[in-house]
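Enquirer: Questions regarding the structure given below will be posed in turn.
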């Protein structure tokens, strides 16, 4: 039962305090006198929706406080929610609404204890029933309708309801456990499919050695520059051994130096070590010339091999992008 209502800076009301007596209490007045504001205040005190119009113009804070007397079933419910009663088993529900730069902010209290909206909704169902224009709000709530049907059926129906509720909770838990297991199984199968795909992909790549990509890239450089390598090798050969441009090659110059030093050694044997050095250098130059000439002669353009190497490099680089930076 509603005993007392205190309103401060709410809608059009500056401050008002209303005491309610036992039995029927009637609010009368002309249209616009503020009767509906009293009902709105009760609604807000019990967790109703907050809007901008609820705070009186020119103020930033509104307060609504409603005091109720409670019966034993409600006292038991409040005890379950850990809400202590005041003297004479009164229950005080208050709602403070504040306007901030970010919007509206409200805080609900029951007997001085801050509570959440869910608890206020449960308390509201047990304290009041608001009826307007022939509409009974609680009677359109499915939970309220089920509760009335259960009460009409008596204790046996309520016991059966509780058993069904327990069975349904157990069903939901078992369903959740099954879904978790199925999801885990599905993830495992997906993982196996992915691993099988990777194995097939790697097998199709026919990997041979970790250094294969590096070797192929070197071969690709050579095949891609065969003509230039042939020209450069011939230039080196000319510079070392046989120059057909009218200038002497390194071997010719070293041969002249060797011949001159041989004549000089006949007169001074101390020059023998220097002669040996020049002779050795000449031999190395001749050997290098033969090798570079053989290298140049062995180079051939091979477009088919170049294409094979490029395709293989593409495959190996794709494997590296998928599975790691290298083939190792």
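Enquirer: Can you give me the number of residues within the stretch 282-309 that are surrounded by 14 or more Cβ atoms within 10 Å (Cβ to Cβ) and in contact (Cβ under 8 Å) with a residue 40 or more places away in the chain?
Expert: Result for the stretch 282-309: 11.
Enquirer: Same structure again: Which residues, taken from the stretch 190-221, are assigned to a helix (DSSP H, G or I) and touching a residue at least 12 places away in the same chain (Cβ under 8 Å)?
Expert: Within the stretch 190-221, 198, 201, 202, 205, 212, 213, 216, 217, 219, 220 meet the criteria.
Enquirer: Let me ask you something else. Which members of the stretch 1-45 meet the condition of being at positive phi and at pLDDT 85 or above?
Expert: Listed by number, the residues that qualify are 9, 11, 23.
Enquirer: Which of the numbered conditions does residue 157 fail, given that it passes all the others? Conditions: (1) under 29 Å from residue 327 (Cβ atoms); (2) surrounded by 11 or more Cβ atoms within 10 Å (Cβ to Cβ); (3) without any contact (Cβ under 8 Å) to a residue 60 or more places away in the chain.
Expert: Residue 157 satisfies all of (1) under 29 Å from residue 327 (Cβ atoms); (2) surrounded by 11 or more Cβ atoms within 10 Å (Cβ to Cβ); (3) without any contact (Cβ under 8 Å) to a residue 60 or more places away in the chain except (1).
Enquirer: Another one. If you scan the stretch 243-255, which residues turn out to be loosely packed, with under 13 Cβ neighbours inside 10 Å and within 21 Å of residue 280 (Cα to Cα)?
Expert: Pass one, the stretch 243-255, residues loosely packed, with under 13 Cβ neighbours inside 10 Å: 244-248.
Scanning the stretch 243-255 gives a single hit, 248.
Enquirer: Which is touching a residue at least 12 places away in the same chain (Cβ under 8 Å) and assigned by TED's automatic domain parsing to the domain that holds residue 119, of 43, 71?
Expert: Numbers: 71 fails: touching a residue at least 12 places away in the same chain (Cβ under 8 Å).
Unique residue meeting the criteria: 43.
Enquirer: Separate question: What's the number of the only condition in (1) within 30 Å of residue 318 (Cβ to Cβ); (2) part of a loop (DSSP other than H, G, I, E, B) that residue 247 fails to meet?
Expert: (1)
Each row is one residue, and each column tells you yes or no for (1) assigned to a helix (DSSP H, G or I); (2) at pLDDT below 85; (3) more than 22 Å from residue 41 (Cα to Cα); (4) in contact with a strand residue (DSSP E or B) (Cβ under 9 Å, 6 or more places away or on another chain).
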| residue | (1), (2), (3), (4) |
| --- | --- |
| 73 | yes, yes, yes, no |
| 84 | no, yes, yes, yes |
| 91 | no, no, no, yes |
| 95 | no, no, no, yes |
| 107 | no, no, no, yes |
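Enquirer: Out of the residues in the stretch 1-40 that are in a loop (DSSP other than H, G, I, E, B) and touching a residue at least 40 places away in the same chain (Cβ under 8 Å), state the one that is surrounded by the most Cβ atoms within 10 Å (Cβ to Cβ). Break it down into steps so the answer makes sense when it comes.
Expert: Just the residues of the stretch 1-40 that are in a loop (DSSP other than H, G, I, E, B), to begin with: 1, 11-12, 20-34.
Subsequent filtering for residues that are touching a residue at least 40 places away in the same chain (Cβ under 8 Å) retains 1, 11-12.
Working: 1: 14, 11: 19, 12: 11.
Selected residue: 11.
Enquirer: In a helix (DSSP H, G or I), in contact (Cβ under 8 Å) with a residue 40 or more places away in the chain and within 30 Å of residue 195 (Cβ to Cβ): does that describe residue 319? Before you say what the answer is, go through the steps one by one.
Expert: Details: in a helix (DSSP H, G or I): yes; in contact (Cβ under 8 Å) with a residue 40 or more places away in the chain: yes; within 30 Å of residue 195 (Cβ to Cβ): yes.
In short, yes.
Enquirer: Condition check: in the same structural domain as residue 130 (by TED's automatic domain parsing) and either within 19 Å of residue 3 (Cβ to Cβ) or loosely packed, with under 13 Cβ neighbours inside 10 Å (or both). Does residue 54 satisfy that? Working first, answer last.
Expert: Working: in the same structural domain as residue 130 (by TED's automatic domain parsing): yes; either within 19 Å of residue 3 (Cβ to Cβ) or loosely packed, with under 13 Cβ neighbours inside 10 Å (or both): no.
In short, no.
The values are calculated or read from the model by the stated rules, or taken from the named source; none is laboratory data. Only a predicted model underlies this, so the values are computations on that prediction, with no experimental measurement involved. Cβ atoms come from the backbone with ideal geometry, glycine included; neighbour counts cover every protein chain shown.
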